[in-house]
Amino acid sequence: MENNTGLFGTFDYYQKKLAQFDPDDLSAIQNVVTVQQLADSLDTIPLLPATVKQLAVKLQNHLDPIVSAVSQFSGNDKAVQGHIWGSIYTLAKVSSEVLSLADLSHYDVLQLLYNCAVELPRHLNYQPDSKLNKLGEEIYSTLVVLCAKLVMFLRDNQHVVKHWSALLKDVEQTKQGIKSLSKKVDEAWHNVALPGLLEGKDKQIKDLISQMTLERRRTSGAPVDCIPPILNQFFEGRTSDLSDLHKHLGRCGSDKVFASIALSGFPGAGKTQLALHLAESCLRKNGGGFSPVLWICAAGPDKIEQDVCHIASQLGILPEGTSPAERGLRAKQELMAWLTETDHAWMIIFDNLNKFSDLKDCWPPARPNCAVVISSRDHSIGGTSVSHRHRVNPLNVHQTAGLILSILSENPDNHVLLEAAKKIGEELGGLPLAVTQIASYILDTGVGLTNFLRFYRARWKRIHQSDVHIPDYEDYKDTLTNIWSLQLQDIDLNTKILEEIVAFLQPDKIPVKFFTGGDESSALDRPQLVFLQDNFEFLEAKKSLERGALLQSDRGTGDIQIHRLIQLIVLDSMEKDELDARFEDAVTLVKRAFPRLTSATIPNAYKSENWHLAQECLAHVWTLEELYHRFNISLESMSCFPMLLSDTSWYLYETGQFERAKDLLKTAEAVCEGNRRLGASTRSIRALIYHHQNLQREAKTIWEENLALRLELDGPENFLVGQNLCNLGAAYGELGDMERCRDFFERGQAHREKYHPDDLSDLALHDVNFTSYLIHNGDLEEAEVTIQRALTRYRRCETTEGFGHNQALFFLAKLRTAQRRYQEAYVLHTQVLTVRRKIMRNHYYTCVSFYHTADVADLDKDHDTAVALLELSLKAFESIPEARNYVARSFFRLSCIYTSLGRNDDARINRERAQGILSDLGAQKIGTCIEHYEETMPIRFR
C-alpha cells in the first residue's frame, strides 16, 4: 500500500499515477459512474472480445456492494464510483488494443482484478460513525491503486511477457492484503457492529439468522449430485469420445487446473447423450473424481434460472422465504458463492447452450480440480473461457447400423438386415437422434427394415415430423426438421445464399477455396455472389451458419460440411426460381475451381500435376448433375454447366475412368444441344473413349461428323480440323485400313504444318500416334524416322518428364522390341515406367507400361523380372475397372511363362483366370494365344 492520507489521498495518487494517460480515457473514468454506464461504454469499444466484456460485467457483482458503501461515507459518489467503473472500462479498452485474443487467455489483467474482487468482504454496509468505514476506505484505496497499476502496466509494457511474473507477484500481495482486511470487516460485523445495528429491528435479525444459517450450509453441507437419469439405453459408438474427454480431465487433474470443455456438433449428433454419460462416469460414487456433478439445461435464460434454483435448493444454499421476484438472481449468486468457497471438486454441465452471454451471471469460478462442460451447436462458444473443444461427429455407417439393430432387437449377424440398416444410416448421415427417431418409427409402425428406405424417400418429411417419443430427447419435441427450418428463417440474405449454394454441393467435404480462391472475376459478376468479393463477408456468413449448426468447418483446412438432412431441408424449402439461381451459383464456383484445359481436345490436357484439383471438384460435379435432373433445373442462356460437364468428362477420360466419363457424357451431350461447337467437343471425348475400348467404328462415325461440323462452323484453318483428320487416321489404322490411315495422317500433318507450324507439341503428338501404326504394319524404317522427329520436337517444347516426351519414348521402346533390340527396349520401358509411376501413379498408362516392360523382359528370357512386373501390373490394374482386357492379357502372359518354367498348376490357374475375363468381355475367341487377348484392345496398346 502506498503512503497516502485517507481516501482522497488515494485519489491523488491515482491521478498522479495516470499523469501520462490518454485524456479521452481520463474523461471516461470521470463519466462512467454507474454500472449501466459501464455496460454501455463497453459496447463502444471496437473489436472487444466477448470474453473480456463478460468478465468486466462479472466484476460488478463483487465490486458493487463495496463501491456503493464507500461512495456513501466518502461524500463524493461520482469520484468513488468513477475510479472503479471507469478503470474497468479503461482496462477493457487497453486490453483490446494491446493484447491479441490468443494472449488474453494467458495475460488477462481483468482476471487478476476479478481474483482480488472475490476476496472482498461480504458484510460491508454504510452506517454513520461505523467502525467499519475506516476498513472499507482502506480496502477501496487498495483497489483503486491496483486499478491504476494494472492500467499503467498495459500502457508501459506492450510486450507483456517480460514483466508478467512481477505483476503477478504484486497482484498476489494485493490479494492477500484485501483478504486480510476483508476478514477484519467480517469479524467486526459479527462481533462489534452487529448488536448496535440490529437493536429493535426484527426483520434485520431474521435476515441475519438466515445469512448465518447459509454460512453454516456452505461450510458443512454435503454435496448432492443433480443430474437427470439416463433413460435411453441405446448408446453406440462413443467410446473414443468418452476416452478423449476423460484424458483431458485427467491431465487437468494432474496439473491441478480448472477444466473447461465444450462439446459441439450438429443438432441430434448426440451431445446431450455424451454429456450425460460423461457426467455419470465422473460421479465419485461411480469411481469418478467429481462431487457434486450438477446439470443445468441451458437452452435459454429461463431454463438456466429454473435449474439453478433447483440446484441451490438441493444444496441447501437458497434462503427460505426468498421472494419469487428475487429467487432467480439470489440462487445464481448463492450458487456461484458456494462454488467459489467449497472445498469439493465439483463439475457443472450446461447442456444445449445457445449463447454464452446467457451465462453472464452464472459462469463458475476457475477452481483447481473442478470442471465445467458445455454442450452447444456453436463450436466456438465460450471463446477463451474454454480450454478444450470436442466435436461430436455423426456415427459412421457401422455404428449407425448397430444402433438401429439394437433398438429393433434384430440379430446383427443377419447380413440382409445389417446391409439394410447400413443404407438407412447412410441416408440419415449418422445423427443418433434421427437414427433413433427412424428406428422408433419402424418399431411403432411395423414397416419392414428392408423396405423402409424406398418408403422413407417418398415420405421423408412426414416421417421426421411424426410424433415419436424418445427418452432423453425431450428438448427436441419440435423434431430436427422443424429446428433447422426455424433456424433457416432467422438468417440474413448473404448467409441464406451461402447455405443454399452449399446445399447443391457434395455435403461431406466442400473446399473453402470454392468461395475464397480462383479467378474471382469469372464468378463474382453474378449479383448474388458479390459478397464473396470480401472474404470477411463470406467468413461472417459462414460463422453465422456455424453458430446455428447449419454447417461445420474443419478447423485445420477450413473445408465445409453440411449434414445431408439439412441439405434436404434447404433444397425442399426453395422455390423453382431460387433452385435455378442457386444451382447456377454453385456451378459457377465449382467451374472457377476446376483446373483449366491447356487445349480443348488434345489428350493429356490436364497435366498430371493438376489432377488432384480436378479430383477435389469431381464429387461436387456428380452432385450437381444429380440435382440438375432431380429438380429439372432450367439453365441460363450463358450457363457454364455444359462446359463444367465437358471438362469433367475430359478429366475422367484422361485418368482412365471411361465408364464414369460415359455416364456423365449423357448429361453433357444433352445440355450442349444448343451449342454445336461445345457439343462437338463433348462427342469427341466419347469417341476417344470408344477408341480406347476398341470400338473403332463408333469412334470413326463421331470423328467424321465432327470433321464436317468444324469445316462448316470454323473453316479449314481451324486447329480442330487437323485434330479430327489425325483421329480418323487412327481409327482407320485400328480397323486395318492402312491406306486410309496413312492418307488421313498425312492430311493431318499437312494441315498442322500449314496452319499451326509453331505448335510443336501437337505436331509431335501426330508423329507419335502414326508411329504406332507404322510399327504394327511392319514399316520399321519409316517408324524410326517418324519417332525421332517426334522426340526432337518434344525436346524443344517440354521437359523429359513431360507426358508427350514420355509417350514418344514408349513407342521408341516398342519399335526397339519390334527390331529385336530387347536390351535397349527394356532400358527405355524402364525409364518410361519410372516417370509414369512418379507423375501418374496407378494410371491406365502406368499399368500398360508395367505390362510392356515385363513383355520385353520375357522376350529377353529374364523370366523372374517378367513375373515380378506382371504381378505389379495386375495389382495396379485392380483400381481400374476399365482395364479388364489388360488384366486378362497379363494373366495369360503369366500362364505362358509358368508353362515354360514347368510350373503347370500355376500356368493352368492363370490361364483359367484370363479366359474367364475374356468370356465376361464377350470376346469372339476363347483365348488360347496372345493374339486373342490383343484383339480386344487398340493396336496402340498391344
Self-check item: Extended-chain gain in nm, criterion 0.36 nm per residue less alpha-carbon gap, L901 and K355
Solution: 188.9 nm
Quiz item: Pairs K509/K576; K355/K543; K93/K542; K513/K543; K169/K256: which are spaced more than 18 Å apart, C-alpha to C-alpha?
Solution: K509/K576; K93/K542; K169/K256
Quiz item: Taking Cα pairs under 8 Å and at least six residues apart, what relative contact order does the range 229-328 come out at, in percent?
Solution: 14 percent
Quiz item: How far is it, in nm, from the label point at S409 to the one at Q314 when both lie 7 Å from their Cα along the line to the Cβ?
Solution: 3.2 nm
Self-check item: Within the range 535-556: backbone nitrogen closer than 17 Å to the S240 label point (7 Å, Cα to C-beta)
Solution: 554-556
Quiz prompt | Ranking by accessible area, most exposed first, for W622, W650 with a 1.4 Å probe | solution = W622, W650
Practice problem: Would you pull out the residues with amide H under 5 Å of F290's amide H, same chain only if 5 or more places away, H placed 1.01 Å from N? | Solution: R284
Quiz item: Which FRET efficiency value, to the nearest 0.05, do you get for A299 and V224 by plugging their Cβ-Cβ distance into 1/(1 + (r/R0)^6) with R0 = 25 Å?
Solution: 0.65
Self-check item: Equivalent ellipsoid semi-axes - Cα gyration tensor, the range 265-336, angstrom
Solution: 26, 18, 7
Quiz item: Taking the Cα centre of the range 776-909 as the origin and placing charges on Cβ (Lys, Arg +1; Asp, Glu -1), which of F891, A868, I787 is farthest toward the positive end of the dipole?
Solution: I787
Self-check item: Calculated FRET value between S68 and D170, using beta carbons and R₀ = 35 Å, to 0.05
Solution: 0.80
Practice problem: Using only the alpha carbon atoms of the range 328-453, find the Kirkwood hydrodynamic radius as the inverse mean reciprocal pair distance, in angstroms to one decimal. | Solution: 17.8 Å
Quiz item: Regarding the range 532-667, what are the three Cα extents along the principal axes, ordered largest first, in Å?
Solution: 47, 36, 27
Exercise. Stick to Cα atoms and the Kirkwood definition of Rh, then tell me Rg/Rh for the range 322-373.
Key: 0.99
Quiz item: Direction-averaged shadow area of the convex hull around the Cα atoms of the range 351-416, nm²?
Solution: 7.1 nm²
Exercise. Pop out the ³J(HN,Hα) list for the range 363-379 in order, Karplus 6.51 cos²θ - 1.76 cosθ + 1.60 with θ = phi - 60°, rounded to Hz; leave Gly and Pro as x.
Key: 7, x, x, 7, 9, x, 6, 10, 8, 10, 10, 10, 10, 7, 6, 8, 5
Exercise. Round to the nearest 0.05 the FRET efficiency obtained for N286 and R837 when R0 = 45 Å and r is the Cβ-Cβ distance.
Key: 0.20
Exercise. Output the relative contact order of the range 256-305, whole-number percent, from Cα pairs under 8 angstrom with separation of 6+ residues.
Key: 15 percent
Self-check item: Pairwise label distance in nanometres, K861 with K184, each label 7 Å out on the Cα-Cβ vector
Solution: 10.9 nm
Practice problem: Describe numerically, in nm with one decimal, the distance between label points set 7 Å from Cα along Cα→Cβ at N535 and at E578. | Solution: 3.0 nm
Practice problem: Using θ = phi - 60° and the Karplus relation 6.51 cos²θ - 1.76 cosθ + 1.60, list the HN-Hα couplings for the range 669-686 in order, rounded to whole Hz, with x at every Gly or Pro. | Solution: 5, 5, 7, 8, 4, x, 10, 5, 5, 5, x, 5, 5, 5, 5, 4, 5, 4
Practice problem: Mind putting a number on the dipole of the range 688-799 about its Cα centre? Charges go on the C-beta only, +1 for Lys and Arg and -1 for Asp and Glu, and I need it in Debye to the nearest 20. | Solution: 160 debye
Practice problem: Highest first, please rank the peptides 428-437, 867-876 by the mean number of other Cβ atoms sitting within 10 Å of their residues. | Solution: 428-437, 867-876
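The values are calculated or read from the model by the stated rules, or taken from the named source; none is laboratory data. All values derive from a computational prediction rather than experimental measurement. Here Cβ is always computed from backbone atoms with ideal geometry, including for glycine, and neighbour counts include all displayed protein chains. Quick note on the areas: whole protein, heavy atoms, side chains included, nothing else; ligands and nucleic acids left out. Shrake-Rupley method; radii C 1.70, N 1.55, O 1.52, S 1.80 Å.
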